[in-house]
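Asker: Can you keep this structure in mind? I'll have questions shortly.
The values are calculated or read from the model by the stated rules, or taken from the named source; none is laboratory data. In this text the structure is predicted, and so the values were computed from the model without any measurement. Here the Cβ positions follow ideal geometry from the backbone for every residue, glycine too, while neighbour counts run over all protein chains shown.
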Amino acid sequence: MKTTRSNPKLETLINIGFRRAGEWKMINSSLKFNLEEFSKTRNILYAFICDKKIKYIGKTVQALKQRMVGYKNPGKTQTTNIKNNEKK
């Protein structure tokens with residue numbers, strides 16, 4: 001039997017306590033992020049939402065701000081960060 005990953009809805013994340021922390025923007029062809037909350041919070045679950053659709057759910061033991069910096073400036077071995085940082 002083939003199994004598939006569940007596809008949670010944004011409403012589900014809100015119901016279990018997810019809150020908006022900030023946003024990403026393209027400014028002058030450069031990816032920028034702004035955290036309004038939780039920037040120093042460690043051991044946190046986070047999600048990337050675009051057009052009210054969940055694109056990615058992750059967890060980090062780092063401060064959330066440090067994790068977002070990793071997405072913006074990925075190291076050579078950080079394949080998830082590199083993929084998420086690709087310009088399309």
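Asker: Could you please let me know if K59 is closer than 19 Å to K83 by Cα and surrounded by fewer than 13 Cβ atoms within 10 Å (Cβ to Cβ)?
Answerer: Values: closer than 19 Å to K83 by Cα: yes; surrounded by fewer than 13 Cβ atoms within 10 Å (Cβ to Cβ): yes.
Considered against the rule, which asks whether it is closer than 19 Å to K83 by Cα and surrounded by fewer than 13 Cβ atoms within 10 Å (Cβ to Cβ), K59 comes out as yes.
Asker: OK, next. Checking P74 against (1) at pLDDT below 90; (2) surrounded by 14 or more Cβ atoms within 10 Å (Cβ to Cβ); (3) assigned to a helix (DSSP H, G or I): exactly one of these is not met. Which one?
Answerer: Unmet for P74, out of (1) at pLDDT below 90; (2) surrounded by 14 or more Cβ atoms within 10 Å (Cβ to Cβ); (3) assigned to a helix (DSSP H, G or I): (3).
Asker: I'm trying to understand the selection: among the residues of segment 5-62, which are among the small types (G, A, S) and part of a strand (DSSP E or B)? Quick ask: steps written out before the conclusion?
Answerer: Restricting attention to segment 5-62, the residues satisfying the condition of being among the small types (G, A, S) are 6, 17, 21-22, 29-30, 39, 47, 58.
Residues satisfying the conditions are G22, S30, A47, G58.
Asker: Residues of segment 34-48 being surrounded by 14 or more Cβ atoms within 10 Å (Cβ to Cβ) and farther than 16 Å from N81 by Cα, which ones? Don't jump to the end; show me each part of the working.
Answerer: Residues of segment 34-48 surrounded by 14 or more Cβ atoms within 10 Å (Cβ to Cβ): 35, 38-39, 41, 44, 46-47.
Listed by number, the residues that qualify are L35, F38, S39, T41, I44.
Asker: On the given criteria, is L31 within 19 Å of N81 (Cβ to Cβ), at pLDDT below 95 and hydrophobic (A, V, I, L, M, F, W, C)?
Answerer: The answer is yes for L31.
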